[in-house]
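> Below you'll find the structure I mean.
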């Protein structure tokens, strides 16, 4: 007992117990939580409504927009078909997401509310043809006129997000089915469709996994549990040309290896570590920077992270993502992921972007508290506690050729909508797990440690005292005659004694 107590003083058993409870092994409680995350995840969508379409198209005014929303959808995530590879210490699975409208959190019914918004099939496809030949632009422009395609549409929010019939899309689908593989167009549906149908491999035991890119990843990234090592059997980003690169041409920004999927993180996260997250809908990893070590509303210790201020800046880390060798501060072109249509990402209201973006449109007002992004993770357990990830979707329109209907959009970053991915209160099962591992377990193990030490000392002392008082010399002794031999005694005559000692 004393030895056990001493070992507990030297080697904290809390970490071993946590590793056992949070083991991502088939059939464990943690595996079941990971397979069907109990979190309530909501996607809040805020849409920019154009309020002066006639004046804007006539060239009389800048585009004026107002923000409508939120229109909220509950995201239901399941991690399916998990397969364990014990040889390389990995788990391979398929994340699947479904979206259900949450009217109780929304401002209204998206099937009834209407907006005036940019016609993406027309303006987007015309922007795509910007660097094509004159004939291609002329053919498309003529088709748009023949089909009477208008640059600004009046549609319901539901149709705008999830799909509506468009004559240009139908034509493109018939003529180029391998490029435009859909018959109706919904911007949100196109974005979210990339999140399904993927196969992801993460590391369960980093000591067993051997990376192909050891020179590009630091020790923290290589040794971290649950980091992604392959996405659809590739260690890099296919949309950004990873497959075509020679080994010596690969940069860290080309890699998907080393990122996290956002559902679980490594245990015992070090402070000040930068985390990279990847969601295929956003086309590239995004970076989270450490903010502070604090205590959350549930009373648990947490590390807070924010979306890196220069995440979309012109930096060496973003060199891989300069589409057609062009980067703009605060803007990320994700055309390679979306049929080469120049869809871009930014932070909402062009927060942290080039101030020139705000000069193009009236109605935007970036505010750090409303448009920045924060998330919190319990560092000892690697369990997400809360999050507010905010991303805006825009359309980049360079100079378009021939088509007079799209001329007013030249040189613009047209804001379309922004999304806030957020979580509700922690599920009860997660609160119980956190309370058990963070609050109860350390106290119980501390008590056990001292009880074992005291119990061991008490046993040793008791044994010593028992031995001392039980094994001692007796006060009386009885001797059996059989143990000795008799000694003969010689009788001395009295006369001899009288003579010798003069006795009478």
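The values are calculated or read from the model by the stated rules, or taken from the named source; none is laboratory data. Nothing here was measured: the structure is a model prediction, and the numbers come from that model. When we count neighbours, we look across all protein chains shown, and the Cβ atoms used for this are built from the backbone with ideal geometry, even at glycine.
> In the set 294, 263, which member is surrounded by fewer than 19 Cβ atoms within 10 Å (Cβ to Cβ), more than 18 Å from residue 423 (Cα to Cα) and in contact with a strand residue (DSSP E or B) (Cβ under 9 Å, 6 or more places away or on another chain)?
None of the other options fit; the residue is 294.
> Okay, moving on. Just for the range 123-140: of the residues that are within 13 Å of residue 341 (Cα to Cα) and in contact with a helix residue (DSSP H, G or I) (Cβ under 7 Å, 6 or more places away or on another chain), which one is modelled with the highest pLDDT?
Filtering first and then ranking leaves 123.
> When you scan the range 226-241, how many residues do you find that are more than 25 Å from residue 208 (Cβ to Cβ) and not in a loop (DSSP other than H, G, I, E, B)?
Counting residues in the range 226-241 that are more than 25 Å from residue 208 (Cβ to Cβ) and not in a loop (DSSP other than H, G, I, E, B) gives 3.
> May I pose another question? When you check residue 94 against the structure, is it within 13 Å of residue 402 (Cα to Cα) and in the same structural domain as residue 194 (by TED's automatic domain parsing), yes or no?
Spelling it out, it is not the case that residue 94 is within 13 Å of residue 402 (Cα to Cα) and in the same structural domain as residue 194 (by TED's automatic domain parsing).
> I'd like to check something: does the range 15-29 contain any residue that is modelled with pLDDT of 95 or more, in contact with a strand residue (DSSP E or B) (Cβ under 7 Å, 6 or more places away or on another chain) and more than 26 Å from residue 101 (Cβ to Cβ)?
no
> Determine which single condition residue 83 fails, assuming it passes every other condition in (1) surrounded by 14 or more Cβ atoms within 10 Å (Cβ to Cβ); (2) without any contact (Cβ under 8 Å) to a residue 40 or more places away in the chain; (3) in contact with a strand residue (DSSP E or B) (Cβ under 7 Å, 6 or more places away or on another chain).
(1) is the only condition that residue 83 fails.
> Continuing with the same structure: For the range 343-370, give me each residue that is surrounded by 21 or more Cβ atoms within 10 Å (Cβ to Cβ), outside any strand (DSSP E or B) and either touching a strand residue (DSSP E or B) at 6+ places or on another chain (Cβ under 6 Å) or free of Cβ contacts under 8 Å to residues at least 12 places away in the same chain (or both).
Of everything in the range 343-370, those that are surrounded by 21 or more Cβ atoms within 10 Å (Cβ to Cβ), outside any strand (DSSP E or B) and either touching a strand residue (DSSP E or B) at 6+ places or on another chain (Cβ under 6 Å) or free of Cβ contacts under 8 Å to residues at least 12 places away in the same chain (or both) turn out to be 348, 353, 357.
> What is the number of the single condition among (1) part of a helix (DSSP H, G or I); (2) modelled with pLDDT under 85; (3) surrounded by fewer than 16 Cβ atoms within 10 Å (Cβ to Cβ); (4) out of contact with any helix residue (DSSP H, G or I) (no Cβ under 7 Å at 6 or more places or on another chain) that residue 170 does not meet?
Just one mismatch for residue 170, condition (3).
> Being touching a residue at least 12 places away in the same chain (Cβ under 8 Å), under 30 Å from residue 48 (Cα atoms), surrounded by fewer than 16 Cβ atoms within 10 Å (Cβ to Cβ) and touching a helix residue (DSSP H, G or I) at 6+ places or on another chain (Cβ under 9 Å): is that true of residue 59 here?
Spelling it out, residue 59 is indeed touching a residue at least 12 places away in the same chain (Cβ under 8 Å), under 30 Å from residue 48 (Cα atoms), surrounded by fewer than 16 Cβ atoms within 10 Å (Cβ to Cβ) and touching a helix residue (DSSP H, G or I) at 6+ places or on another chain (Cβ under 9 Å).
> Does residue 145 count as touching a helix residue (DSSP H, G or I) at 6+ places or on another chain (Cβ under 9 Å), surrounded by fewer than 19 Cβ atoms within 10 Å (Cβ to Cβ) and at negative phi?
Considered against the rule, which asks whether it is touching a helix residue (DSSP H, G or I) at 6+ places or on another chain (Cβ under 9 Å), surrounded by fewer than 19 Cβ atoms within 10 Å (Cβ to Cβ) and at negative phi, residue 145 comes out as yes.
> Do you know which residues across the range 231-253 are free of Cβ contacts under 8 Å to residues at least 60 places away in the same chain and in contact with a strand residue (DSSP E or B) (Cβ under 9 Å, 6 or more places away or on another chain)?
Within the range 231-253, 231, 232, 233, 235, 236, 238, 242, 243, 245, 250 meet the criteria.
Residue-wise test of (1) under 17 Å from residue 204 (Cβ atoms); (2) surrounded by 18 or more Cβ atoms within 10 Å (Cβ to Cβ).
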| position | (1), (2) |
| --- | --- |
| 218 | no, no |
| 227 | yes, yes |
| 231 | yes, yes |
| 236 | no, yes |
| 244 | no, no |
| 247 | no, no |
| 254 | no, yes |
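> Out of (1) modelled with pLDDT of 90 or more; (2) in a helix (DSSP H, G or I), the odd one out for residue 448 is which?
Here residue 448 meets the rest and fails (1).
> Among residues belonging to the range 414-431 that are in contact with a helix residue (DSSP H, G or I) (Cβ under 7 Å, 6 or more places away or on another chain) and under 16 Å from residue 391 (Cβ atoms), point out the one that is surrounded by the most Cβ atoms within 10 Å (Cβ to Cβ).
By that ranking, first place goes to 418.
> Would you mention how many residues in the range 318-337 are assigned to a helix (DSSP H, G or I) and touching a helix residue (DSSP H, G or I) at 6+ places or on another chain (Cβ under 7 Å)?
8
> With respect to residue 268, is the statement that it is in the same structural domain as residue 398 (by TED's automatic domain parsing), surrounded by fewer than 16 Cβ atoms within 10 Å (Cβ to Cβ), within 23 Å of residue 430 (Cβ to Cβ) and within 18 Å of the chain's Cα centre (by Cα) true?
Spelling it out, residue 268 is indeed in the same structural domain as residue 398 (by TED's automatic domain parsing), surrounded by fewer than 16 Cβ atoms within 10 Å (Cβ to Cβ), within 23 Å of residue 430 (Cβ to Cβ) and within 18 Å of the chain's Cα centre (by Cα).
So that you can scan it fast, the table gives a plain yes or no per residue for (1) more than 27 Å from residue 325 (Cα to Cα); (2) modelled with pLDDT under 90; (3) assigned to a helix (DSSP H, G or I):
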residue: 179; (1), (2), (3): no, yes, no
residue: 182; (1), (2), (3): yes, yes, no
residue: 196; (1), (2), (3): yes, no, no
residue: 201; (1), (2), (3): yes, no, no
residue: 243; (1), (2), (3): no, no, yes
residue: 253; (1), (2), (3): no, no, yes
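> Return the only residue of 107, 65, 100 being at negative phi, more than 23 Å from the chain's Cα centre (by Cα) and either surrounded by fewer than 19 Cβ atoms within 10 Å (Cβ to Cβ) or not assigned by TED's automatic domain parsing to the domain that holds residue 223 (or both).
107
> If you scan the range 214-230, which residues turn out to be without any contact (Cβ under 8 Å) to a residue 60 or more places away in the chain and touching a helix residue (DSSP H, G or I) at 6+ places or on another chain (Cβ under 8 Å)?
Listed by number, the residues that qualify are 214, 216, 217, 222, 223, 224, 227.
> Among (1) modelled with pLDDT under 95; (2) not in a strand (DSSP E or B), which single condition is residue 69 missing?
Residue 69 satisfies all of (1) modelled with pLDDT under 95; (2) not in a strand (DSSP E or B) except (2).
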